[in-house]
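Inspection log for the structure reproduced underneath, given as structure tokens.
The values are calculated or read from the model by the stated rules, or taken from the named source; none is laboratory data. Everything numeric in this text was worked out from a predicted model, so none of it was measured. Cβ placement follows ideal geometry from the backbone for every residue including glycine, while neighbour counts extend to all protein chains displayed. The accessibility values were calculated without ligands, DNA or RNA, using every heavy atom of the protein model including side chains. Shrake-Rupley method; radii C 1.70, N 1.55, O 1.52, S 1.80 Å.
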Amino acid sequence: MPEPATQHRHIDRTEQLESAARLTTRDGQRNGVRQALFFEGPSDIGKSSLLFEIYERHAATNVYFVDLSRTVAEHDVLESLSMQARSQEVSVPSYRNARDRFAEQSGSTQLDLTNVRVRNGAIQLLAQGQDRGVRLAALSDALLDNLVADARRPVVCLDSFEACAQPMRDWLGRSLLPNLLSRREVSVFLAGREVPRLPHPPYSNAVHTLVLPPFDVEAVQDWIETLGFASLRDKAMKIQRRHGGVPGLLAEFFACHIEPSETAPPHPDGQHITTTLDNGDDREG
């Protein structure tokens, strides 16, 4: 689950949030066939902040957040969803039963193999891989059936897709995401520097990918007003250009800014102390 924000997060993604709200409407009407939004963009462009904002706006409903940069294997994703379900008082009996059954079968298989000499290792590895895929598919089916039971409309947020190793990417794009989208009750939001391209309809038609742009001058001005930095109110354009409108860089700049005190003591030589914002532009700090 996402960690609580420790400082102000300025979102200013009105268009994207409106699209998310239309996607997750609870009156049963969908925006065409769309039921997933993928947010794509470079580092520091604000993908995770936007995804977390969507997560927070649905905190009163069945909402799930998985940081893929913190997951190692496919089972970690399913376990994270399962634990979050239980914390929201959503029972997952089918998933737990399937997981326990497969664990028992795996233990029995390992015991049997101790007394068997396997001459063809390639065949054994292939069989194990096929078996693993079947088990993952069965676990996913059982878990998602539990999540949508009783007319629930879960919202699933997946962050940092680019951090996944290739096997995890393949599983997400070819198995879990299609499985999620096959259930019309589910809304899916995914973010990453790159995002999966689902291979064929109907799943590819259910996804809309939005490339997040940098913040414009108006957004920077709004951020300044929100923070109450009176000394920067006429410098939004210079700040936006200096940092390219990149939210992560802007956040670092504002975190380092010190608003001058009205009663600041004078410098010994009688001059005010300033730092350079860009090419001679003064920044109080």
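For the range 164-216, with only Lys/Arg (+1) and Asp/Glu (-1) charged at the beta-carbon, what is the dipole magnitude about the Cα centre, in debye rounded to 20?
That gives a dipole near 180 debye.
Of all the accessible heavy-atom surface of the range 33-106, with the other protein chains kept in place and a 1.4 Å probe, what percent is carbon and sulfur?
47 percent
At a probe radius of 1.4 Å, what is the per-residue accessible area of residue 153, in Å² to the nearest 10?
Residue 153 has an accessible surface of roughly 70 Å² with all protein chains in place.
Taking every eigenvalue of the Cα gyration tensor of the range 179-259, multiplying by 5 and rooting it, what semi-axes result, largest first, whole Å?
Over the Cα atoms of the range 179-259, the semi-axes work out to 38, 13, 10 Å.
If you place +1 on the Cβ of every Lys and Arg, -1 on the Cβ of every Asp and Glu, and leave all else neutral, what size is the dipole of the range 171-264 about its Cα centre, to the nearest 20 Debye?
Value, rounded to 20: 600 debye.
For a label point 7 angstrom out from the Cα of residue 43 toward its Cβ, which stretches of the range 58-88 have the backbone nitrogen within less than 11 Å?
none
If ligands, DNA and RNA are left out, what is the accessible area of residue 203 with a 1.4 Å probe, given in Å² to the nearest 10?
Surface open to solvent at residue 203 totals about 60 Å².
Figure the gain on full extension for residue 22 and residue 194 (residue separation times 0.36 nm, minus the Cα-Cα span) and round it to one decimal in nm.
59.5 nm
What does the extension gain come out to for residue 237 and residue 86, with contour length at 0.36 nm per residue minus their alpha carbon separation?
Separation in residues times 0.36 nm, less the Cα-Cα distance, equals 49.6 nm.
Just name one of 240, 227, 260: the one whose Cα is farthest towards the positive end of the charge dipole of the range 177-270 (beta-carbon charges, Lys/Arg +1, Asp/Glu -1).
In the range 177-270, that residue is 240.
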